[in-house]
Structures are given as structure tokens and as C-alpha cells.
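Shown next, in C-alpha cells, is the structure this report addresses.
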């Protein structure tokens, strides 16, 4: 039985916890905008449903952090603020921008989780199984986002690049710090 490097597993759990919490914060920001300025009950309902999945994912990683005595990233407070801001800002820009935010983040997470699934060995069967399931949920969120009007055409291509770059930077930092 091959063993996954213990430090890599800690990094996986730390960054996945931060990412799932970040997704919750993005949706909270979008819901704040939808409850305050933009009235779109259909979009609000879809975001609330996706947020339920993110909460399930975050709770799992929160439990793993406690169980394995892993230090969460020190950047959680900053990620929380940036997540709410990103969610609020994209929702204010409109449904296409809000849904692009979900699609862009989920595309980065798809790559991220795929890499982890490949790297995890047989000594981490349960963690691997959860990440596979969570990746499927995230791909479903991406599909919903495109069904609801996410686009990368025109200025939206710039927003896509900004969101993806920010997500990748947050991942790199959160793995290590």
C-alpha cells in the first residue's frame, strides 16, 4: 500500500477547507446583493441550493482539520472578505457575471480536485472518495452556471481571467500558509 505524503495531505485539507469556505462566502455576497438590490428569486434559489453543497463540503474539511490537528490557513479572514466582495460585486454586475463567477471558480476547482485525486494513494481512501464526490458537485454547479447564462464573451473574458487568477493565487497561498 503506497502512502500519500503526510504534508501533502495536510496541504490538501487546509486548502480545500479554505476553498469551500470561500465558495460559501462568494454565495453569501451574491445573496446579499440579491436580497438588497437585485430581485431575482430564481437566481437566489439556485445560489442557495449550491451554497448547501458548499456547506456540506466545508463541514467535512472543518472536521478533518480538527480530527487531524491541521492548522487552517492564516488567510481565512482575508479570503472571507474577498469572497463576499467578489460575490456581491459579480451579482451587482448582473446574472451573467454572477454565474460566470461560479463557472470560473468551479473550472479552477475541477483542475485542483483532479490533481488531488490523482495524487492521493490508497492510505487516504475516504478523503479521496469525498474529494471525488465534491468534484462532481462542483462540476454540476459549473453546468448550472452555464445553463443560467454564464459567458466568457466580450468583457466577461476579462472577468473570467481575473477570477481564475485570484482563485489560483488563493490556492497556492492557502496550501502553504
Neighbour-count ranking [beta-carbon atoms within 10 angstrom, fewest first] of 114, 167, 122: 122, 114, 167
Alpha-carbon centroids, the stretch 135-169 and the stretch 55-81: separation in whole Å: 23 Å
Order of 159, 34 under a 10 Å beta carbon neighbour criterion, fewest first: 159, 34
Exposure proxy order (Cβ contacts within 10 Å, fewest to most) of 75, 134: 75, 134
Rh by Kirkwood over Cα pairs, then Stokes-Einstein D for the stretch 6-176 at 0.890 mPa s and 25 °C, µm²/s: 153 µm²/s
Reference-scaled alpha-carbon Rg (2.2 N^0.38 Å with N residues) for the stretch 38-136: 1.24
Whether the stretch 47-98 is rounded, prolate or oblate, judged on the alpha carbon gyration tensor where a/c under 1.5 counts as rounded: oblate
Of 51, 128, 25, the one that fluctuates the most in a GNM where the chain has Cα springs shorter than 10 Å: 128
Taking the chain and dividing mean pair separation by its residue count, relative contact order in percent (alpha carbons under 8 Å, at least six apart): 33 percent
Angle in degrees between helix 95-119 and the longest Cα principal axis of the chain, rounded to the nearest 10: 10 degrees
Cα gyration tensor, the stretch 115-172 - rounded (a/c under 1.5), prolate or oblate: oblate
Nearest 10 degrees, 0 to 90: helix 41-67 Cα axis against the chain principal axis: 20 degrees
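Taken together, the values in this text are just the output of simple stated rules run on the coordinates, not laboratory data. Everything numeric in this text was worked out from a predicted model, so none of it was measured. Positions of Cβ are backbone-derived with ideal geometry, glycine not excepted, and every protein chain shown enters the neighbour counts.
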